[in-house]
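Step one of this worksheet: look at the structure below.
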Amino acid sequence: MVTTGTPRVRTRLTIATVGAALTLGYAVVCYLAFVVTLPYGVAFLADVVVPRTVDHGGPHAATATAALVDALLLGVFAVQHSLMARPAFKQRWTRLVPRHVERSSYVLASSLALALAFWQWRPIPAVVWDVPAPAARVLLWTLFAAGWLWVVAMTFAIDHLDMLGLRQVTRHLRGLADRPPSFALPLPHRVVRHPMMLGFFPAFLATPTMTLGHLLFAVLGIGYILVGIRLEERDLTDELPEYAAYAATTPRLVPGLGHRS
């Protein structure tokens, strides 16, 4: 007679299989949250397609009230995005959630914080500038699209799946140990230290018609980027012995600024 093991063993195998499926499903949901939120953000700033954009569709409010609410919404994202990325927070957080889903949880929380901002954004429609020339408008939209494409491309510069949490989960399900942090220099990172962040500047600012609400989003978004990269560099310097020398010889954001070797 052929058996497939004791009932207890079969039960453990079943529980392990269900647990693996749930873990993988959770990671995929978190990844899809990013996949949905990013293009919504592009349409949100382009003021097209989606029901609520930076300039239309949101709840109406007086200018001062709208600016305060919008700043608070972006502040929620900034605090979440920076706090959950800090090593001290991760150390405590992984006491509650498995280490292999920590990154997926971070991606989901960031996507939800952005979704909240898109949902509750108060438009401030006063026009700051409007470019009437068709050729100039095409150029600005081209810069806008190029900025977002560059941001997406830079997620693949090192490891797209690792950045968005899927790599950690699949390695865990395959029984592989966590990979220790390693220092790598893909080509874009040899030019500047934060090539992805360069794409956000045209993505936020390149628009033929700039409203006060859009400008508020752009200024606060760029301000957060400048603060966030300094926090990230502090952590990288502590984590990777090679990073200090790299930072000393490679510009932070603008190619050609600073000494190179």
### Query
Is there any pair with a first residue in region 163-176 that is of a type in the set (Ser, Thr, Tyr) and modelled with pLDDT of 90 or more and a second that is open to solvent by 40 Å² or more (accessible area, probe 1.4 Å) and in a helix (DSSP H, G or I) whose Cβ atoms are under 8 Å apart and which are 6 or more apart or on different chains, and what are they?
THR170/LEU24; THR170/LEU161
### Task
Residue by residue through region 116-136, note down the ones that are within 28 Å of THR65 (Cα to Cα) and either assigned to a helix (DSSP H, G or I) or of a type in the set (S, T, N, Q) (or both).
LEU116, ALA117, PHE118, TRP119, GLN120
### The one condition in (1) among the aliphatic types (A, V, I, L, M); (2) without any contact (Cβ under 8 Å) to a residue 60 or more places away in the chain; (3) crowded, with 19+ Cβ neighbours inside 10 Å; (4) over 24 Å from TRP150 (Cβ atoms) that MET196 fails to fulfil
(4)
### Task
Please work out which residue is farthest from TRP148 (Cα to Cα), limiting yourself to region 221-232 and to residues that are open to solvent by less than 20 Å² (accessible area, probe 1.4 Å) and not hydrophobic (A, V, I, L, M, F, W, C).
GLY228
### Considering residues of region 133-150 that are without any contact (Cβ under 8 Å) to a residue 40 or more places away in the chain and open to solvent by 90 Å² or more (accessible area, probe 1.4 Å) only, the residue farthest from PHE204 (Cα to Cα)
PRO134
### Query
Quick check: anything in region 202-220 in contact with a His (Cβ under 6 Å, 6 or more places away or on another chain), among the β-branched types (Val, Ile, Thr) and in contact (Cβ under 8 Å) with a residue 60 or more places away in the chain?
no
### Summary
When restricted to ASP70, ASP55, ASP47, the only residue at pLDDT 95 or above, of a type outside the set (S, T, N, Q) and touching a strand residue (DSSP E or B) at 6+ places or on another chain (Cβ under 6 Å) is ASP55
### Task
Quick one: which residue in ALA85, ALA61, ALA78 is within 13 Å of the chain's Cα centre (by Cα), of a type in the set (A, V, I, L, M, F, W, C) and in a loop (DSSP other than H, G, I, E, B)?
ALA85
### Query
What number of residues within region 169-190 satisfy the criterion of being farther than 26 Å from SER105 by Cα and either exposed (fewer than 15 other Cβ atoms within 10 Å of the Cβ) or touching a strand residue (DSSP E or B) at 6+ places or on another chain (Cβ under 7 Å) (or both)?
4
### Message
Restricting to region 36-63, name every residue that is surrounded by 13 or more Cβ atoms within 10 Å (Cβ to Cβ) and over 21 Å from PRO125 (Cα atoms).
### Response
THR37, LEU38, PRO39
### Task
Residue by residue through region 207-220, note down the ones that are open to solvent by less than 10 Å² (accessible area, probe 1.4 Å) and more than 18 Å from ARG52 (Cβ to Cβ).
PRO208, MET210
### Task
Working carefully through the options HIS189, HIS160, find the one that is more than 14 Å from the chain's Cα centre (by Cα), under 21 Å from GLU239 (Cα atoms) and modelled with pLDDT under 95.
HIS189
### Task
Identify all residues within region 24-34 that are open to solvent by less than 60 Å² (accessible area, probe 1.4 Å) and free of Cβ contacts under 8 Å to residues at least 24 places away in the same chain; write none if there are none.
GLY25
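Of the residues that sit in region 83-110 and are crowded, with 19+ Cβ neighbours inside 10 Å and β-branched (Val, Ile, Thr), which one is farthest from ALA64 (Cα to Cα)?
Only one residue fits best here, namely VAL101.
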## Note on the structure
Picking from ALA113, ALA153, ALA66, the residue that is part of a helix (DSSP H, G or I) and surrounded by fewer than 16 Cβ atoms within 10 Å (Cβ to Cβ) would be ALA153
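The values are calculated or read from the model by the stated rules, or taken from the named source; none is laboratory data. Quantities reported herein were computed from a predicted structural model and do not represent experimental measurements. Counting neighbours? That spans all protein chains shown, and the Cβs are built from the backbone with ideal geometry, glycine included. What goes into the accessible areas is simple: the full protein's heavy atoms, side chains included, and nothing from ligands, DNA or RNA. Shrake-Rupley method; radii C 1.70, N 1.55, O 1.52, S 1.80 Å.
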